[in-house]
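Heads up, the thing below is written out as structure tokens.
The values are calculated or read from the model by the stated rules, or taken from the named source; none is laboratory data. Values in this document were obtained by computation on a predicted structure and should not be read as measured data. No Cβ is skipped: glycine too gets one built from the backbone with ideal geometry, and neighbour counts run over all protein chains shown. When the accessible area is computed, the model is the full protein with side chains, heavy atoms only, and any ligands, DNA or RNA have been set aside. Shrake-Rupley method; radii C 1.70, N 1.55, O 1.52, S 1.80 Å.
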Amino acid sequence: MTDFPISAFDYPLPDDRIAAFPLAERDASRLLVWESGKISDRHFHNLAEELPGGATLVVNDTRVIEARIFFQKASGGIIELFLLEPQQPAEMTAALQSEGPVQWRCLIGGASKWKAGQVLTKTLTVQGADCVLEARFVSKEPDEFIVDLRWAPPLPFAEVLHAAGAIPLPPYIRRAAEGADAERYQTIFARQQGSVAAPTAALHFTPRVLEALEAKSIRRTPVTLNVGAGTFKPVKSDTIGGHPMHGEYFSVMASSLRELVDATRLVAVGTTSLRTLESLYWLGVKTAAAGMLQTELGQWEAYELETPFSYRDSLTVLLRELEKNGWNELHGRTSLLIRPGYRFQSAEALLTNFHQPKSTLVCLVAAFIGEDWRRVYTHALEQGYRFLSYGDSSLLWRKS
């Protein structure tokens with residue numbers, strides 16, 4: 001398997017090109033279109049004009065949780081908890097619905113000031129009544145901490161978190177979250193709580209854009225991938241092959257799988273949707289080989305597996321397994337890392353923002369359109385596009 005130096009996915013990004021705030025109107029964002037080497041400059045509200053009638057947009061309907069909680073010690077010091085995922089990551093829904101104690105994997109700001117045995121408390125107002133949230137340090141792991149959270153009176157943890165926490169803006173947005181971010185850092189498709197970062201490619205959609213898409217019979221199919229903080233994890237190794245890709249949980253309803261099987265032209269809205277689509281294909285391949293449902297995909301497995309099926313046939317394998325077991329939803333975990341040389345099976349187009357230098361996301365874009373990714377990013381910089389989560393968008397057609 002060919003490896004690549006991470007420097008191959010570097011480019012100069014001045015700080016003033018990183019969008020610190022969203023535009024006043026979501027669909028006013030610019031839209032760079034790349035197809036077969038040709039670049040054109042559009043606006044996101046023109047999206048329907050750039051897509052073929054009858055296409056299917058695949059959107060990630062995950063919702064960002066208020067994962068950043070600040071506790072003030074009696075001495076006045078501040079301890080920040082950044083909730084990553086429950087101690088049992090597959091139990092995200094159960095953890096958010098729990099009315100009793102839960103343990104979460106966290107990053108901690110000011111961890112050295114949190115003495116063993118010290119309980120942090122925060123008094124909140126939830127549903128018009130006082131609620132006291134407590135945090136207890138459990139253990140330290142190599143890259144994160146385990147923290148026990150409990151509260152009274154009994155309430156769903158999601159409601160407690162909504163009152164206690166703040167939207168966790170990406171680290172490159174060097175400002176505190178504001179009230180407007182609670183709405184603007186969510187997509188209009190957001191339904192399923194569980195992400196600590198937004199699937200930002202979909203932040204540009206508005207009812208006006210959706211109406212134009214529907215007028216061309218362009219459908220939307222939802223999938224859910226809970227975006228983890230690992231999406232911002234820098235590649236510290238010299239090569240992309242030395243980077244341990246973070247795992248993320250996803251779920252897809254059987255109804256969505258049927259729509260994907262019937263779709264003729266797929267457009268992935270964001271890298272998270274694309275990774276989910278591709279992971280589904282390889283899980284179908286694994287399931288067929290094993291004779292039973294497979295739900296986990298490793299970082300490099302896709303590069304080692306054969307491609308015996310079409311995309312439609314592979315997803316049909318998954319559907320049959322769900323139907324055989326009487327399940328209406330597929331739950332899985334993927335660590336798939338897409339880099340040049342990867343064999344795409346699903347979408348022929350990708351809607352995505354402009355990503356950080358030397359990141360796995362730039363690596364994915366390079367895999368999707370080839371070395372022309374440099375022309376795309378150079379053009380965007382020269383033409384004044386805004387970069388990263390609150391920045392502008394691009395529509396990239398897969399290199400044939």
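Please work out the average accessible area per residue across the chain, using the 1.4 Å probe convention, and give it in Å².
Result: 42 Å² per residue.
I'd like the distance separating the alpha-carbon centroids of segment 148-209 and segment 50-114, in whole Å.
So the two Cα centres are separated by 9 Å.
Which pairs, out of Lys236/Lys286; Lys115/Lys140; Lys233/Lys399, put more than 21 Å between their alpha-carbon atoms?
Lys236/Lys286; Lys233/Lys399
Quick one: dipole size for the chain, taken about the Cα centre, charges +1 on Lys/Arg Cβ and -1 on Asp/Glu Cβ, in debye to the nearest 20.
Its charge dipole is roughly 360 debye.
Could you work out the equivalent-ellipsoid semi-axes for segment 68-166, taking the square root of 5 times each eigenvalue of the Cα gyration tensor, largest first, in whole Å?
The answer is 20, 18, 10 Å, longest axis first.
Sorted by mean Cβ packing within 10 Å, highest first, what order do the peptides 162-175, 223-236 take?
For the peptides 162-175, 223-236, the packing ranking is 223-236, 162-175.
Which of the peptides 252-259, 210-217 is most tightly packed, and how do the rest follow, going by the mean number of other Cβ atoms within 10 Å of each residue?
252-259, 210-217
Packing-wise, with mean Cβ within 10 Å as the measure, how do 375-382, 196-203, 26-33 rank, highest first?
196-203, 26-33, 375-382
Over the chain, what percent of the accessible surface lies on carbon and sulfur atoms, probe 1.4 Å?
Here it works out to 49 percent.
Rounded to the nearest 5, what % of the DSSP beta bridges within the chain are antiparallel ones?
70 percent
Along each of the three principal axes of the Cα atoms of the chain, give the extent in whole Å, ordering the values from largest to smallest.
Principal axes ranked by extent give 61, 53, 46 Å for the Cα atoms.
Please work out the C-alpha center-to-center distance from segment 336-400 to segment 1-37 and express it in whole Å.
What the calculation gives is 7 Å, centre to centre.
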